[in-house]
Amino acid sequence: MIRFLGQVSSHSLVMSFILWGPLPTAMAALETAQPSGEWMTLPALAQQLDRPQGGGRSFQEGAVLFQQGQLEAAREVWEAALREYERAGDRVNITETQIALGVGNDTLGNYRAATNYLIAARDNARTLGLESLEARAINTLGLVRQNQGRYQEAQALYETALDMQRQLGDRAGEALGLNNLGQLYSDLGDYARA
């Protein structure tokens, strides 16, 4: 399960990638916010990231609540953001929010809901032709399968997402995929592959 950190770390950056999109956006915000190398809280990072109006504010609030460990509150806020995006017909942010809801529900142990959100996100991204977003949804679905103990499925999903990220030249996504595969191998006691 995910552990919560109050300061930005590699884990927080991974979560920002899952929740907010391309890691370069999060990294640029992080570098701007802490040029001296000082730590910053995730709420401060959230303020640096550019999210759209309307549901975007709810999305950010959900991300902050999630990082603070207020999981149910984060889920409720993200569901409200999802409804706002659906009303606006904003399919990209619908997909982003479905990924966040997948992460949130996975963390709460609601694997069926997490799976449903992530499959919907994957399908939306595929329909929109957004391969990077599709790979992110697939990778996150791998996390759900890993947390369920369904290791072979998790590995297949990670490898699928990793292949997509490599084809796209998405080095940050590739790093995330390799990290997840390494963690999976570590969980299985296969330290040589990890």
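The values are calculated or read from the model by the stated rules, or taken from the named source; none is laboratory data. Please read all numbers here as calculations on a predicted model, not as lab measurements. Glycine also receives a Cβ, built like all others from the backbone with ideal geometry; neighbour counts cover every protein chain displayed. Please note that ligands, DNA and RNA were not included when accessible areas were found on the heavy atoms of the full protein model with its side chains. Shrake-Rupley method; radii C 1.70, N 1.55, O 1.52, S 1.80 Å.
Near R83: Cβ cut-off under 15 Å, other residues only, Lys/Arg at +1 and Asp/Glu at -1. The net charge is -3. Among the chymotrypsin sites (Phe, Trp or Tyr not before Pro) within segment 132-194, those in coil by DSSP and having at most 12 neighbouring Cβ atoms inside 10 Å are Y191.
Other residues within the sphere of radius under 12 Å centred on the Cβ of L184, judged by their own Cβ, net out at -1 (K and R +1, D and E -1). Accessible surface calculations at 1.4 Å, restricted to protein heavy atoms, place segment 82-194 at 47 Å² per residue. About the Cα centre, and with charges only on the beta carbon of Lys, Arg (+1) and Asp, Glu (-1), how big is the dipole of segment 108-194? Nearest 20 debye, please. For segment 108-194, the charge dipole is close to 180 debye. Largest accessible area first, the residues V103, V64, V92 order themselves as V92, V64, V103 under a 1.4 Å probe with ligands, DNA and RNA left out. Between E153 and E79, the modelled labels are 2.3 nm apart [label points 7 Å from Cα along Cα→Cβ].
Which length gain, in nm to one decimal place, applies between E72 and R166 when the Cα-Cα distance is subtracted from 0.36 nm times their residue separation?
Result for the pair: 30.4 nm of gain on full extension.
For segment 130-194, trypsin sites (Lys or Arg not before Pro) are listed when DSSP marks them as loop and at most 14 other Cβ atoms sit within 10 Å of their Cβ; the list is R193.
State the Cα centre-to-centre distance between segment 163-189 and segment 82-113 in whole Å. Taking the Cα centre of segment 82-113 as reference, the centre of segment 163-189 is 23 Å away. With all protein chains in place and a 1.4 Å probe, the accessible surface of segment 120-190 carries 43 percent carbon and sulfur.
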